[in-house]
1. Kindly list the number of the only condition in (1) at positive phi; (2) at pLDDT below 95 that fails for residue 117.
2. Being assigned to a loop (DSSP other than H, G, I, E, B) and surrounded by 19 or more Cβ atoms within 10 Å (Cβ to Cβ) is the filter here; which residues of segment 160-173 pass it?
3. Of the conditions (1) in a helix (DSSP H, G or I); (2) free of Cβ contacts under 8 Å to residues at least 40 places away in the same chain, residue 129 satisfies every one except a single condition; which number is it?
4. Return a yes/no flag: does segment 43-57 have any residue that is touching a helix residue (DSSP H, G or I) at 6+ places or on another chain (Cβ under 7 Å), modelled with pLDDT under 90, outside any helix (DSSP H, G or I) and on the phi > 0 side of the Ramachandran plot.
5. Inside segment 174-198, can you point out the residues that are part of a helix (DSSP H, G or I) and touching a strand residue (DSSP E or B) at 6+ places or on another chain (Cβ under 9 Å)?
6. Mind listing just one residue for me: the one in segment 103-126 that is farther than 12 Å from residue 172 by Cβ and in a strand (DSSP E or B) and, of those, nearest to the chain's Cα centre (by Cα)?
7. Identify, please: which residue in segment 90-102 is touching a helix residue (DSSP H, G or I) at 6+ places or on another chain (Cβ under 7 Å) and not in a strand (DSSP E or B) and is, among those, farthest from residue 30 (Cα to Cα)?
8. Filter segment 62-84 down to the residues that are out of contact with any helix residue (DSSP H, G or I) (no Cβ under 6 Å at 6 or more places or on another chain) and assigned to a loop (DSSP other than H, G, I, E, B), then identify the one that is modelled with the highest pLDDT.
């Protein structure tokens, strides 16, 4: 499948509070890297770039980009992912590996907003902006320039609020992060319960 909207899954962190790299954590028989790539692809993003760092992962259907500067934070991984996308990509949906309850419908809604004229679209849950985020190519240089440390695209989004189209996705899933063993246990229970995935 080819699309002018690509996907980027950020999965480079070492998971210091979790005690192991998040990309390799398994929920319901799938690694978080596999789940995230599948979610982006099911939502219509192609190709999908997986940015690795602390651990290697090779999900089927993903272009693997290793970020040697992963220790500096999420910003360098976002820059690596955007820089690796092919010229055919006019926009990118950026997702985080440690949010496995985000569903493919959120990706579909962001892409639909882009098709409708939005150059930046942010998934919101009960009105609160979270992830994933879609950013058109015209803004990538500014995103890369402002993505330092662990801020990711946040600095760009805060500096350019007039560009942001909020897209409500509260009925499609949840942006809950997996940062601690307690988070992992809670999210694992949610995955195994019916009606929690988009």
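1. (2)
2. Answer for segment 160-173, where residues must be assigned to a loop (DSSP other than H, G, I, E, B) and surrounded by 19 or more Cβ atoms within 10 Å (Cβ to Cβ): 169, 172, 173.
3. Every condition holds for residue 129 apart from (1).
4. No, because not a single residue in segment 43-57 is touching a helix residue (DSSP H, G or I) at 6+ places or on another chain (Cβ under 7 Å), modelled with pLDDT under 90, outside any helix (DSSP H, G or I) and on the phi > 0 side of the Ramachandran plot.
5. Answer for segment 174-198, where residues must be part of a helix (DSSP H, G or I) and touching a strand residue (DSSP E or B) at 6+ places or on another chain (Cβ under 9 Å): 184, 187, 188, 191, 192.
6. For segment 103-126, the residue satisfying everything is 122.
7. Of segment 90-102, the ones touching a helix residue (DSSP H, G or I) at 6+ places or on another chain (Cβ under 7 Å) are 90-95, 97-98, 100-102.
Narrowing further to those that are not in a strand (DSSP E or B): 90, 97-98, 100-102.
On the way: 90: 30, 97: 12, 98: 13, 100: 10, 101: 13, 102: 15 Å.
Checking each candidate, the answer is 90.
8. Looking at residues that are out of contact with any helix residue (DSSP H, G or I) (no Cβ under 6 Å at 6 or more places or on another chain) and assigned to a loop (DSSP other than H, G, I, E, B), I get 68.
The values are calculated or read from the model by the stated rules, or taken from the named source; none is laboratory data. All of these numbers come straight from a predicted model, not from anything done at the bench. Counting neighbours? That spans all protein chains shown, and the Cβs are built from the backbone with ideal geometry, glycine included.
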